[in-house]
Amino acid sequence: MNTTASLRPALESGIAELGLTLPAATVDGLLAYQDLVSRWNKVYNLTAVRDPREMLTQHLLDCLTVVPPLRAALADVAAQAEQGGAPLRILDVGSGAGLPGVVLALCNPTWQITCVDTVAKKATFIRQAGLELGLPNLTAVHQRVETIRQPVYQLITSRAFASLADFTALTHESLAPGGRWAGMKAKLTPEERAELPASVTITQVQPLRVPGLDAERCLVWMQPT
């Protein structure tokens, strides 16, 4: 059994702990994605985390933790999209190795995910991952996020990208009417909250628990005031 395959029980346990139900093919895809990250990481330095078990916890499970709250928050928009309405578009900013964008694309095939990063090798990796994992709903863009104008997105996410003030300032032109931001954070400090302009309102700070990780995590929901 290769190293990645040996992680399947831990991944399945974490998925169950999060209350997620994912098809076996999706679990296969998540493991294949981690294997891709590990292989490319040897040359392209996509992430500082190199141990496979740490990668599982700190990357895969960390990103899977936001799937249930995102699904709940976007249920109405997703339903409209499935009934022939405008597609549900999500922009993942500063995706790096595709976290959480690739994970979201794997778990939600009807969501249109665009990952943007200013580092060419990271955008190239995400593009290759989409091809190898068979993800037609995944797009990788090598571009500065503040230069993106079209299309607009119902949700814009980030994970360890920038302060919330910078995150929202750089992406407000890409937010659809009625859209929201969701920032993945270790914790929201009073200082970071105070830095947000009056034009941005925090609607919820949602605590998250990552299976196997003893550390604070939260999802900060924001919208234009």
Practice task
Any residue in the stretch 177-206 that's free of Cβ contacts under 8 Å to residues at least 60 places away in the same chain and loosely packed, with under 15 Cβ neighbours inside 10 Å: show its pairings with residues that are among the charged types (D, E, K, R) and not in a strand (DSSP E or B) at Cβ separation under 7 Å, as long as the two are six or more apart or on different chains.
Solution key: Ala186/Glu216; Lys187/Glu216
Problem - Hits in the stretch 115-129 - residues which are in contact with a strand residue (DSSP E or B) (Cβ under 7 Å, 6 or more places away or on another chain) and surrounded by 23 or more Cβ atoms within 10 Å (Cβ to Cβ) - result: Cys115, Val116, Asp117, Ile126
Exercise for the section: Working carefully through the options Leu170, Leu175, Leu196, find the one that is in contact with a Phe, Trp or Tyr (Cβ under 7 Å, 6 or more places away or on another chain) and over 30 Å from Gly14 (Cβ atoms). Expected result: Leu175
Completion exercise
Every listed condition ((1) over 28 Å from Ser13 (Cα atoms); (2) touching an Asp or Glu at 6+ places or on another chain (Cβ under 6 Å)) holds for Val210 save (1)
Exercise for the section: Give me the pairs, please: first residue somewhere in the stretch 17-33 and farther than 11 Å from Leu133 by Cα, second residue anywhere and among the small types (Gly, Ala, Ser) and assigned to a helix (DSSP H, G or I), beta-carbon distance under 9 Å, and either six or more positions apart or on two chains. Expected result: Leu20/Gly14
Exercise for the section: Scan the stretch 1-10 and give yes if some residue there is of a type in the set (Lys, Arg) and under 18 Å from the mean Cα position of the chain (by Cα), otherwise no. Expected result: no
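Bear in mind these aren't lab numbers, they're just calculated from the coordinates by the rules spelled out. The shown structure was predicted, so the numbers you read here are calculated from the model rather than taken from an experiment. Note: ideal-geometry Cβ built from the backbone for every residue, glycine included; neighbour counts use all protein chains shown.
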